[in-house]
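Contents: one structure, followed by commentary.
Throughout, read-outs are computed from the coordinates displayed, never taken from laboratory work. Everything quoted here is computed from the prediction, not taken from an experiment. Cβ atoms come from the backbone with ideal geometry, glycine included; neighbour counts cover every protein chain shown.
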Amino acid sequence: AGVVAVRGRAPAGVAAVRGPVVAGVDLREGTDDVLEFAFRTAAAEGRDVRVAHAWSVRALYSYPSALPEPRMTARAEQRARQGLHEAVQPWRERFGEVGVQIRTEGEAVAPYLLEVGADAALLAVGRRLRGAPFPTRIGPVAHALLHHSPRPVAVIPHT
């Protein structure tokens, strides 16, 4: 089961939102658990779903000093966008009444999700349950969102 964390009162200037449910997904980890939660929640509340994925420019290169080559980054973005569309398609068909937005960018994950989810009613992200060399309760992205997002955050375990 997932956990939804709601921080204390919203900071000044952050009004109650009618924004989307934002699903932050990692295409390498499997997306169904987070997408199912996001689509079910959005359908129940009459909201849209915004699916967001950040991919790493640094991961395209074998050494950290490389300057990003525009053709490589364009291909990486195209692959990420295609992967998101493929991951979302079954949920889009199942929840036809839910509007869907796809966002992807070559950015650091947590800051990107905070930006994409600035107007969200809820941010949902996954958490691995197995395979980490040192078992932790949550990873760095979920940790950052829980500490820095003024919006409610759902942490959904990958099964």
* Could you work out the local net charge near Glu97, counting Lys and Arg as +1, Asp and Glu as -1, over the other residues with Cβ closer than 11 Å to its Cβ? => +2
* Dividing the convex hull volume of the alpha carbon atoms of segment 19-157 by its residue count, what do you get in Å³ per residue? -> 116
* By average Cβ neighbour count within 10 Å, what is the ranking of 108-118, 80-90 from highest down? -> 108-118, 80-90
* Asked: So, counting K/R as plus one and D/E as minus one, what does the shell of residues with Cβ under 12 Å around Gly19 add up to?
  -> +1
* Structure fact -> Between Leu122 and residues 5 or more places away or on another chain, the pairs with built amide H atoms under 5 Å apart involve Val22
